[in-house]
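The values are calculated or read from the model by the stated rules, or taken from the named source; none is laboratory data. Keep in mind the model is a prediction, meaning the values are calculated, not measured. All Cβ positions, glycine included, derive from the backbone under ideal geometry; neighbour counts span all protein chains shown. Side chains are part of the model used for accessible areas, which takes the heavy atoms of the whole protein and leaves out ligands, DNA and RNA. Shrake-Rupley method; radii C 1.70, N 1.55, O 1.52, S 1.80 Å.
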Amino acid sequence: MSKFNIAIDGPSGVGKSTIANLLADAYHMIHLDTGAMYRCVAYYLLKNKVDVNNEKELLDALENIDISFQEDQVFLNGENVSKEIRMNEISMAASKFSAFNAVRKKLVSLQQQIAKNKGYILDGRDICSVVLPDAEVKIYMDASSKARAQRRYQEYISKGIDADYETIFQDIVARDYQDSHREISPLQVAEDAQVIDTSDMTIEEVVEEIQKIIDEKV
Ligand code: C5P
């Protein structure tokens, strides 16, 4: 089997990263979590109090951002920010700043550069349509906002993190709205992506379903 790329899009909390990691293990591919990259940018812009409405300031800041991955850890300018970028404040900020053209331009080009030699699984919002329009396998993972909020709530509780279902649900709804109503690369189902509604599926069932699609295509 020659090398190929897999593009996975979908809304917040649908489990894209979990599934992408399992597929990466099964097919000996590398998973690139593009959401983590937008989170790094948001973390940097907030931490350095960058005036994002000042174009020069924003472009200068973007020049100074270096993002790298080591296994499942994310580094921003050499600092391990894996935990910090998962904070709720950063989720909302990532969604807000990802609507800026300059931010998307930088990250899309970086993602394309990384995946150009194939063998990558990228998950995000615009992978099928913008980042990897030539990906051999294109998946859109969906689930109801209630199912996604419930999963995230269970995840926090099982990790011993204090959580409030209603707050999680409202955040998911707000981020869905922001991500699907922005002007540039809004979250949408690419014409040639295969949609999987995971609301009532287990992780194993989703992986199995995608494996069938991969095995048919490549
Ligand atoms: O996937 P995750 O929730 O970590 O992504 C954080 C935010 O980054 C999303 O809400 C979305 O606004 C943005 N994002 C994006 N394009 C991607 C990946 C993430 O706009 N390819």
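Annotations for the structure displayed:
- Net charge, residue 198 excluded, C-beta distance under 14 Å - Lys, Arg +1, Asp, Glu -1: -4
- For the chain, hydrophobic long helices are taken as DSSP H runs at least 18 Å long by C-alpha position along their axis with mean Kyte-Doolittle hydropathy of -0.5 or more; these are 34-47, 101-115, 203-217.
- Considering only 108, 50, 206, the Gaussian network model of the chain with Cα springs below 10 Å gives its largest mean-square fluctuation to 50.
- Rolling a 1.4 Å probe over the heavy atoms of the protein chains gives segment 6-209 an accessible area of 52 Å² per residue.
- DSSP beta bridges in the chain [antiparallel fraction, %, rounded to 5]: 25
- Equivalent ellipsoid semi-axes - Cα gyration tensor, the chain, angstrom: 26, 22, 16
- C-alpha center-to-center spacing [segment 31-68, segment 106-120] in angstrom: 18
- Annotation: extensible slack from residue 177 through residue 82 equals 31.7 nm (criterion: 0.36 nm per residue apart, minus Cα-Cα distance).
- Neighbour-limited loop hits for trypsin sites (Lys or Arg not before Pro), segment 95-128 (at most 16 other Cβ within 10 Å; DSSP other than H, G, I, E, B): 116, 118
- Among the listed pairs 138/159; 118/212; 47/146, a Cα-Cα separation exceeding 23 Å is found for 138/159; 47/146.
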